[in-house]
Every structure is written in C-alpha cells, then in structure tokens.
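Shown next, in structure tokens, is the structure this report addresses.
The values are calculated or read from the model by the stated rules, or taken from the named source; none is laboratory data. Here the structure is a predicted model, which is why all the values come from computation and not from measurement. Every residue, glycine among them, receives a Cβ derived from its backbone with ideal geometry; neighbour counts consider all protein chains shown.
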Amino acid sequence: MLSALCVLSLLDGTTSLAQSPTSSLADTDAGDRTEETIAAASTTTWLLLSPATANLPSPRSYLAMTYDAVSQRILLFGGDDGTDYLNDTWVFDGRIWSRVNTPVAPPPRTNAQMAYDVATHRVVLFGGYDGTHYLGDTWIWDGSTFTWTQATPAHSPPAVTGPMLFRDATGRVDEFGGFDGHFYQATMWRWNGADWRRLHPAMVPYARSSAAVGFNPLLDQVVLFGGLADVNPDNTWTYDATNWTMQNLSTQPQLVYGSSAAFDRNLNSVILFGGGSGGVDQDTTWAWSGSVWQQLFPMQSPTPREGAGMAYDEVLRRIILFGGQNNNALLNDTWELTP
C-alpha cells in the first residue's frame, strides 16, 4: 500500500515566425489539436466494462500495466492486494482478462513500472518494492511467446520503487527517478535493448517518484506531472528526447501522486486520471494537449483511486483503466474512456 512505500519514504536562439514557416505551421497544428480536444471533450465519458467475472485479476493497487503492440493486448503485472505482493501476469483483449502462466516471472512486487520498446518490440519492466527490498532488476516481456526473461545489463538505474518508465521520441524506453528508501532520485537512463545507458540532459525534473507520465507520438513529446518528492513536485515537465523543459502554466491538475496517464488518439492528448492528494484519492480527468492542461468533465467517472493501471489499446482505440485503491479499498474494475 502507498503508506508503506512513502514512509520507507523560446529555447534561446530566436527566429521570427515570418522567417520560420515550419515553426508557424507547428504552432497552427498545435492550436488545431487543442481545439479538437476541447470539442471532443464535451462528449467524453468513462464506461464500466463487464469482463467475464470468473477470471479477473484480483483487487490490487500499484500494479504495472502497458499496451503490448506485438500481442495487441493490454499487459498487467503484479501489484499489492493488501496482504501480499503479487507476480501474476494478465492480458486483456478488450473483452476478457486472461491469466498467463509463464514458466518464469519477475519476483513479486508493487509499484514497478513497464513500457513498450518500439525498437526491440518488447515490454521492459523495472524496479518496485517487495516488502523488504527496493528492486533494480530488469525484465523483458516477449508478446510473441508470452514469456518473461530477466535481462542482465552491465549497468542499471538505482534500485527504486515508483520509477517513471516511458517511451520517448527515439522509440526507446527511458527511466527517470524513483525512491530508493532514503532519497528521491533524479537520474535518467535509456534502455538500448541489452543495457541501460545513463543520460545527462542539461536539465531534469526535480527528484521524485510515482509521478504521472505519458508520451504523445504526434508531438514526439513526453509529459510528466506531480508525484512524491522532498522538493516541490507540483509542476509539469516536457521532454523531447534531448531536453526537459518545465512549463510555466496558469492551470494544471491538483498535485497528485500515484495517478494514471496514457495518450489517447481520439483526443490527441495525454489523459491523466485520479491519484492521491494529501491522503485523499481523486476522480478527476485531465487532458494535456502538448501545451495546456484542460480538465474534462465526463458524464460518468470511475470512483476516486490511486495506483491504478492505465494504457491505450491501439486495436480498441480506447484507454483502458484497471484497479487501484480508494483509500484502503482495493479495486479490480475495468473502465474505458469513450470519446
């Protein structure tokens, strides 16, 4: 549960728009996408799905979840069921959840993260907490064989819980931050298919864990918001695979940790849902267009929660949300965001 995890505690070089038609076009496209988001948001709603109840993942929070493009299914791993840390693997095809009995699996853990690596066509899982240790192992999921393999990189990010794992504009998986039991981290690493390579951007977000992060493939932009930190995490950062930039915004979501985020092609935005804020779980839905946050007001929403899994299913063309916890009540409901 989160309480246990916490206690262990104009780029310079100006060019006028007249001299830069490419920049002008990009600005126009960004504006068009924002208008499309606003228009689509008026009909957006969350729908509670009803997968076969005979075979559902057990109620849990702080699970790892992503979309696997090879198997064309949502992939779910592990989490915390209030009694044990889990290491079961599940896939969701839009209708039913199916447990995958793999011959080898990562050890039980909570608050690990995973992301799909476009370059290798594999899912990368890293980090987490097993009740005793902060974890720094790397595992690879092959969606063509439904198998896990432990990687043996020569270098690795620090062992942490609540890292941020995300695809960047290169198609690779990056890792940022996390909590090592003593300190929040601010290091950044990139997986090259066999090893982790330390990155050194000129600027990085303030050290934190359990932040919301999503990648917008239309803009080749990563957005990161909130989380847990010693230094104020109430800020929005974007990353272009080279540099991080802190955005100066008049409006953004309430500061949350353990919220869920994924890019939605229907809204052309990274969607953020829920999260904990000062010990109170939230049920708000926000959209990041690439330049502004806009709160959405769906006709129906999931109950407040933190530590839920969320991913965009490319076949269904829907964001899928699963589980999490509402205060101490663990959840195993499945929702989709419908434009």
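Within region 322-339, how many residues turn out to be among the charged types (D, E, K, R) and either within 18 Å of the chain's Cα centre (by Cα) or farther than 25 Å from residue 93 by Cβ (or both)?
Start the filter on region 322-339 by keeping residues that are among the charged types (D, E, K, R), which leaves 333, 336.
Next, only the ones that are either within 18 Å of the chain's Cα centre (by Cα) or farther than 25 Å from residue 93 by Cβ (or both) stay: 336.
Selection size over region 322-339: 1.
Does residue 136 satisfy the condition of being touching a strand residue (DSSP E or B) at 6+ places or on another chain (Cβ under 9 Å), at pLDDT 95 or above and on the phi > 0 side of the Ramachandran plot? I'd like the intermediate steps shown before the answer.
Values: touching a strand residue (DSSP E or B) at 6+ places or on another chain (Cβ under 9 Å): yes; at pLDDT 95 or above: yes; on the phi > 0 side of the Ramachandran plot: no.
Considered against the rule, which asks whether it is touching a strand residue (DSSP E or B) at 6+ places or on another chain (Cβ under 9 Å), at pLDDT 95 or above and on the phi > 0 side of the Ramachandran plot, residue 136 comes out as no.
Just the residues that are touching a Pro at 6+ places or on another chain (Cβ under 7 Å), more than 14 Å from residue 321 (Cβ to Cβ) and either among the small types (Gly, Ala, Ser) or surrounded by fewer than 20 Cβ atoms within 10 Å (Cβ to Cβ) (or both), please, taken from region 262-309.
Residue satisfying the conditions is 266 alone.
Given the residues 207, 169, 194, which is the only one that is under 17 Å from residue 236 (Cα atoms) and part of a loop (DSSP other than H, G, I, E, B)?
On the way: 169 fails: under 17 Å from residue 236 (Cα atoms); 194 fails: under 17 Å from residue 236 (Cα atoms).
That would be 207, the only listed residue that is under 17 Å from residue 236 (Cα atoms) and part of a loop (DSSP other than H, G, I, E, B).
Mind listing whichever residues of region 237-261 are of a type outside the set (Gly, Ala, Ser), over 20 Å from residue 171 (Cβ atoms) and crowded, with 22+ Cβ neighbours inside 10 Å?
If we filter region 237-261 for residues that are of a type outside the set (Gly, Ala, Ser), which is where we start, we get 237-240, 242-249, 251-257.
Keeping just the survivors that are over 20 Å from residue 171 (Cβ atoms) gives 237, 245-249, 251-257.
Passing the criteria: 253, 256, 257.
Would you pick out the residues in region 310-328 that are buried (at least 24 other Cβ atoms within 10 Å of the Cβ) and of a type outside the set (A, V, I, L, M)? Break it down into steps so the answer makes sense when it comes.
From region 310-328, those buried (at least 24 other Cβ atoms within 10 Å of the Cβ) are 310-311, 319, 321-325; that's our starting set.
Once the filter is applied, which keeps residues that are buried (at least 24 other Cβ atoms within 10 Å of the Cβ) and of a type outside the set (A, V, I, L, M), region 310-328 yields 322, 323, 324, 325.
Enumerate the strands (runs of 3 or more DSSP E) found wholly within region 1-120, keeping only those where 2 or more residues are within 23 Å of residue 267 (Cα to Cα) and at pLDDT 95 or above.
Numbers: elements: 45-48, 64-68, 73-80, 85-92, 97-100, 113-117.
Because the criterion is at least 2 residues that are within 23 Å of residue 267 (Cα to Cα) and at pLDDT 95 or above, the strands (runs of 3 or more DSSP E) in region 1-120 that meet it are 45-48, 64-68, 73-80, 113-117.
Can you pull out the residues in region 210-256 that are polar (S, T, N, Q) and not in a loop (DSSP other than H, G, I, E, B)?
Hits for region 210-256 are 216, 221, 236, 238, 245.
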